[in-house]
1. Order by neighbour count: S188, S109, fewest other Cβ atoms within 10 Å first, most last.
2. Give me T123, T43, T112 sorted ascending by neighbouring Cβ count inside 10 Å, so fewest comes first.
3. According to the square roots a ≥ b ≥ c of the eigenvalues of the Cα gyration tensor, what is the shape class of the stretch 84-230, taking rounded for a/c under 1.5, prolate for a/b larger than b/c otherwise, and oblate for the remainder?
4. Can you put V223, V187 in order of Cβ neighbours within 10 angstrom, beginning with the fewest?
Amino acid sequence: MESTDNTAPVVGAGDPSTPAGEGASSESGESAGTEQRIFKAATEVFARKGQAGARMREIAEHAEINPALLHYYFRSKSQLYEAVFAHGFKQFMGGLGQSLKADLDFEESLRTFVHGYIDYIHTHQDMARLMLNECTCGGPILERYLTAAVAKRDEMPGLMMEDRIVAAIESGEIRPVDPQHTMLTIVSSCLFPFVALPTVRIFHPEAADDFEAFVEGRKKHVVDLLLSGLRPAGSAE
């Protein structure tokens, strides 16, 4: 995957990622810039090597700072990893979740979810890879954040979309399907081209020649295919 992550915001006091010198992170623009470089470098290194394989010295080198300064801002690698993970998780949940709170019919809800999910992964590929690494190793951080998110069902995009599926079944907008299996199908359809990008480029030349066009085409294709399979038999498109 290309490394296209955006720069993260300044780390705030009271967050697990608060520097050892309390309050120092917000005292100057120079300090804020240092934190942003650390955050961006850490995201890229963790995405490539995972939490276990990453080294604080490598992150410091990538951020072009002294290792001692890195430890001033983040006391340990685990603390830095969780700060990076928490930012990506909250960013995804907040952006897509807010879009789904609009009063949309099922078709528009599906389009909003698919487009938002693919756009997030496309724009934050390092963060997406980091989260996938966390998934594959069954990390406790992912479990903790997901458990907390499930408790706030009306703020978690996947569960919000699942509720739209249930409502659409009840109203007759779509045929009866298993909502949870349907959500797995939706998410995997959005995610797979990025997870298997080298393979996709071989079998789908457009992904190699013009990735932006491929992504736009993918969004339309996924929505059209899902709607075609979910519409009640005999309904007009």
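Throughout, read-outs are computed from the coordinates displayed, never taken from laboratory work. The structure presented is a predicted model; accordingly, all values stated were derived computationally and were not measured. Counting neighbours? That spans all protein chains shown, and the Cβs are built from the backbone with ideal geometry, glycine included.
1. S188, S109
2. Ascending number of Cβ neighbours within 10 Å: T123, T112, T43.
3. It comes out oblate by the Cα gyration axes.
4. So the ranking, lowest neighbour count to highest, is V187, V223.
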